1. Determine which single condition P371 fails, assuming it passes every other condition in (1) on the phi > 0 side of the Ramachandran plot; (2) more than 24 Å from the chain's Cα centre (by Cα); (3) open to solvent by less than 10 Å² (accessible area, probe 1.4 Å).
2. Mind checking which residues of the stretch 397-429 are closer than 19 Å to G348 by Cα and either aliphatic (A, V, I, L, M) or outside any loop (DSSP other than H, G, I, E, B) (or both)?
3. Does S283 qualify as being at pLDDT 90 or above and either open to solvent by less than 70 Å² (accessible area, probe 1.4 Å) or charged (D, E, K, R) (or both)?
4. Please enumerate the residues belonging to the stretch 257-270 that are exposed (fewer than 14 other Cβ atoms within 10 Å of the Cβ) and at pLDDT 90 or above.
5. Which one of the conditions (1) surrounded by 15 or more Cβ atoms within 10 Å (Cβ to Cβ); (2) assigned to a helix (DSSP H, G or I) does G432 fail to meet, given that it meets all the rest?
6. Does R273 satisfy the criteria of being in contact with a His (Cβ under 9 Å, 6 or more places away or on another chain), surrounded by 14 or more Cβ atoms within 10 Å (Cβ to Cβ) and assigned to a loop (DSSP other than H, G, I, E, B)?
7. Can you tell which of L207, L202, L225, L243 is among the hydrophobic types (A, V, I, L, M, F, W, C) and at pLDDT below 85?
8. State all residues of the stretch 444-485 that are small (G, A, S), open to solvent by 40 Å² or more (accessible area, probe 1.4 Å) and over 19 Å from V427 (Cβ atoms); if no residue qualifies, say none.
Amino acid sequence: MEGFCFARCRFTRLMAAMQLALGVFVIFMSMASLHRFYATNSLLPGLDDPAHCAKFHTVAGGYAGFDIRALADRVDDVLVQLAELQDKLEATALKIGKKTKKSKARHRPAENMTLAEFRRFLEDEVIHPLYSAHIALRLIRIPRPDPDGDGGGGDPAVDPLVNFFTAEETRKYVTAKGNRDGLPSVYGTNRTYGTVGHACVLMRRELDEYMSYDVGAHCPDDWDLGQSLMLGGCDPLPRRRCLALASKFFTRPLPINESLWALPDDGNVRWSRYHCRGYRCLSVRNQRRGYDRCVGCFDMDREKRRWVAAAEPNGTAAASLADFRIDDVLAAKPGEVRVGLDVSMGTGSFAARMRERNVTIVSAALNLGAPFAETIALRGLVPLYATMSQRLPLFDNTMDLIHTAAFFEGWVDLQLLDFVLFDWDRVLRPGGLLWVDKFACARKDLDDYMYMFLQFRYKKHRWVVSFKSKDEVYLSALLEKPPRS
């Protein structure tokens, strides 16, 4: 009886706190509505100024595309969740009251609610719904003028369509993810956009420029504009009805037995949008090569030594503990690795090594300052021209192997990485291997990133953490996806 009274007392206090919170929330929303739409000149000085009004009502302020109806619907959803929570709490309190009266009438002690049961009730019936309402409120986005934008007032700093979506996962997915610690991404951008095509609205000028061409004629030489649209979240791009240009000096590529470890002919690449005008310029020795990622990956002599046993002239092993040999990885699942995906920065050398072992690898590639995609194809390999913002165009449970190296490098937002890893898990078959190849991050962030990989409960074939520098570490792992049915 004493435990029940204690639980009931705590429950009564919780009800009072919840009703107070609901009252404060309603007052806040009412004041916000009055302040936003019905304020007098004394409350909002300058409201009668046409320029001030233009900031909300005109394109110059960036609010023309904002969906106020979607915002109102979102607020209504939150109010409904809070009202349902209040009804549930009141019904539970009434039910407890009835049980207490019946117990007293029958001269029997009331049923005790143990602390564990009370905790479970709070978690399932109170905290979780309250958390959902809290997250829904935090996800509401009000556009603010971007001082760096064009057109005086600037462009909206927040996607005007984000309030159109009601599912929390959709809203989290389409919201731009700022980079961790302000570091530039592998693409050289400060944020990454998950895309369902909505970002094309924010980049309508660039998209209009991209789609301005003569139907049936040659396409403009604007692949870099298309790539900037993709990196901005307008991905996948719309199809165009024009003829893609090729280099006027294009020659027959090398045969496959020669092309794997030879640089292609300069004439097979359109160099007009690059700093360099030939492969010689892309050498690691050239400080003005026009790119700073994957340094040395156009050096085929260097690339040949990667992922295989190598020795320095003094006889010591060249590779660190974090460097895994391809043959050792394949030995973990003998004869089972046939097709895979490589999400790395490079020119296809990993795929070339795997091809020598009769494994087909598709290599994700973007042309970030150098012709990575063209080089992969000219080596006789398969480039996948896609950003990580896009869901992989592969069916579920189809890949034997996913390999990633020198890609995330500690800059990636954790929620973005979460979406990416779950997509990789989707396409990796049961028993398939995830090869994390020297994932670099700050020592202080290691636990966060390790959790992102460990949450899937893959079998560990290998797991190595080694120092990159005093403040940075490498994580290398070979993980096997468990069967799920």
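The values are calculated or read from the model by the stated rules, or taken from the named source; none is laboratory data. Worth saying up front: this structure is predicted, and the values here are computed from it rather than measured. Cβ sites come from the backbone with ideal geometry, for glycine too, and all protein chains shown count toward neighbours. In case anyone asks, the SASA skips ligands and DNA or RNA and just uses the protein heavy atoms, side chains included. Shrake-Rupley method; radii C 1.70, N 1.55, O 1.52, S 1.80 Å.
1. Of the numbered conditions (1) on the phi > 0 side of the Ramachandran plot; (2) more than 24 Å from the chain's Cα centre (by Cα); (3) open to solvent by less than 10 Å² (accessible area, probe 1.4 Å), the odd one out for P371 is (1).
2. Those that are closer than 19 Å to G348 by Cα and either aliphatic (A, V, I, L, M) or outside any loop (DSSP other than H, G, I, E, B) (or both): M399, D400, L401, I402, H403, T404, A405, A406.
3. Working: at pLDDT 90 or above: no; either open to solvent by less than 70 Å² (accessible area, probe 1.4 Å) or charged (D, E, K, R) (or both): yes.
No; evaluated as a whole, the condition is false for this residue.
4. Of all residues in the stretch 257-270, those exposed (fewer than 14 other Cβ atoms within 10 Å of the Cβ) come to 257-258, 262, 267.
E258, A262, G267 - these are the residues of the stretch 257-270 that are exposed (fewer than 14 other Cβ atoms within 10 Å of the Cβ) and at pLDDT 90 or above.
5. (2)
6. Working: in contact with a His (Cβ under 9 Å, 6 or more places away or on another chain): no; surrounded by 14 or more Cβ atoms within 10 Å (Cβ to Cβ): yes; assigned to a loop (DSSP other than H, G, I, E, B): yes.
No: the conditions fail for R273.
7. On the way: L207 fails: at pLDDT below 85; L225 fails: at pLDDT below 85; L243 fails: at pLDDT below 85.
Criteria check complete, one pass: L202.
8. Let us first name the residues in the stretch 444-485 that are small (G, A, S), namely 466, 469, 476-477, 485.
Those left that are additionally open to solvent by 40 Å² or more (accessible area, probe 1.4 Å): 469, 485.
Selection gives S469 alone.
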